[in-house]
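Chemist: Take a look at this one; I'll ask things after.
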Amino acid sequence: MRTAILASGRGSNLQALIDAHQSGALPIEIVAVGSDQLRAGALKRAEESGIPTRVFQTNHYRNRRGQEEDILSWLKENQVELLLLAGYMKVLGPQFMRQVHIPILNIHPSLLPAFPGLHAQRQALEYGVKVSGCTVHFVDEGLDSGPIILQEAVPVLPEDTEESISHRILAVEHRLYTEAVRLLALGKVERTGRQVKILQ
Ligand code: GAR
């Protein structure tokens, strides 16, 4: 599957996907990496692996629509069949979602539907949950609300800080995202409405 990845930050999930692909464990082709942040570490990581990058810098656009149209053209140009959000911190708007006809996956650092949106790990700590985790889901028009593909729980310890819990969840994210993409690429993810079945 020709795959593009959008990331806004340091890109450790992107790196996990690149590493899995390079080790032969991920039957996809990562054809392009894009970011809304010129200085995203993710861009550097992609360049180091020889993957073409593109910047859709938010303040270069008059509105979200213009930025999203450029992203849509970029997906078409690259004949992308799968889009992965890996720490992409912008919500894709309803027009974008109506025009894009390929699966889009996202990784989120909580057990959705708990703690959607920004700072999920901080939200979990402030709420006082004893267990959090991460979720790989299809992206729909809502905020972290699409059908869930895989989830894994991570304990929250009494001494946890936002940094320590984020770190513990991140290690699981890297494995879970790779596994979800692998299953999808192998045709083992069956979606019916909100229900997602993993085929054996
Ligand atoms: C990850 O924890 C990811 O789950 C989160 O941002 C971090 C990106 O790290 N995404 C969201 O919160 C999306 N709502 P990375 O750049 O090292 O992959």
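The values are calculated or read from the model by the stated rules, or taken from the named source; none is laboratory data. Just so it is clear, the structure is predicted and the values come from calculations on it, not from any experiment. Quick reminder, even Gly has a Cβ in these numbers, built from the backbone with ideal geometry, and neighbours come from all protein chains shown. In case anyone asks, the SASA skips ligands and DNA or RNA and just uses the protein heavy atoms, side chains included. Shrake-Rupley method; radii C 1.70, N 1.55, O 1.52, S 1.80 Å.
Chemist: Where does the chain land at 222 nm, in deg cm²/dmol rounded to the nearest 500, when only DSSP H runs of n ≥ 4 count, each adding -39500 (n - 2.57), divided by all residues? Let's see the in-between values first.
Modeler: Details: 6 runs with 71 residues, N = 200.
My calculation for the chain gives -11000 deg cm²/dmol from helical runs alone.
Chemist: What shape does the chain take by its C-alpha gyration tensor, where a ≥ b ≥ c are the square roots of the eigenvalues and a/c under 1.5 counts as rounded, a/b above b/c as prolate, and the rest as oblate? List each step's numbers first, then the result.
Modeler: Values: a/c = 1.42, a/b = 1.29, b/c = 1.10.
The shape class here is rounded.
Chemist: Ok, one more. Where is the GNM fluctuation largest for the chain (alpha-carbon springs, 10 angstrom cutoff): K188, K130, K90?
Modeler: Evaluated over the chain, the most mobile residue of the options is K130.
Chemist: Nearest 5 percent is fine: what portion of the DSSP beta bridges confined to the chain is antiparallel?
Modeler: Working: 15 of 30 bridges.
Counting DSSP beta bridges with both partners in the chain, the antiparallel share is about 50 percent.
Chemist: In percent, what relative contact order does the chain have, based on Cα pairs under 8 Å that are 6 or more apart in sequence?
Modeler: Working: 372 pairs, mean separation 38.9, N = 200.
Relative contact order comes out at 19 percent.
Chemist: Calculate what fraction, in whole %, of the accessible area of the chain sits on carbon and sulfur atoms when a 1.4 Å probe is rolled over the protein chains.
Modeler: Details: 5140 of 10130 Å².
About 51 percent, which is the carbon plus sulfur part of the accessible surface.
Chemist: Of V154, V139, V100, which has the largest mean-square fluctuation in a 10 Å C-alpha GNM of the chain?
Modeler: Residue with maximal mean-square fluctuation among V154, V139, V100: V100.
Chemist: Go ahead and run the numbers for FRET between R2 and E159, Cβ-Cβ distance against an R0 of 41 Å, rounding to 0.05. Walk me through the numbers before you get to the answer.
Modeler: On the way: r = 45 Å, r/R0 = 1.09.
Result of the calculation: an efficiency of 0.40.
Chemist: Straight distance only, please: which lysines reach the Cα of K130 with their own Cα at less than 29 Å, same-chain residues fewer than 8 apart left out?
Modeler: K90, K197
Chemist: Can I ask one more? Residue farthest toward the positive end of the dipole of the chain, with Cβ of Lys/Arg at +1 and Asp/Glu at -1: which of I18, T58, P113?
Modeler: Of the listed residues, the answer is T58.
Chemist: Please compute the per residue accessible area over region 120-200 with all protein chains in place, 1.4 Å probe, rounded to a whole number of Å². Show your work: numbers first, answer last.
Modeler: Details: 4420 Å² over 81 residues.
It amounts to 55 Å² per residue over region 120-200.
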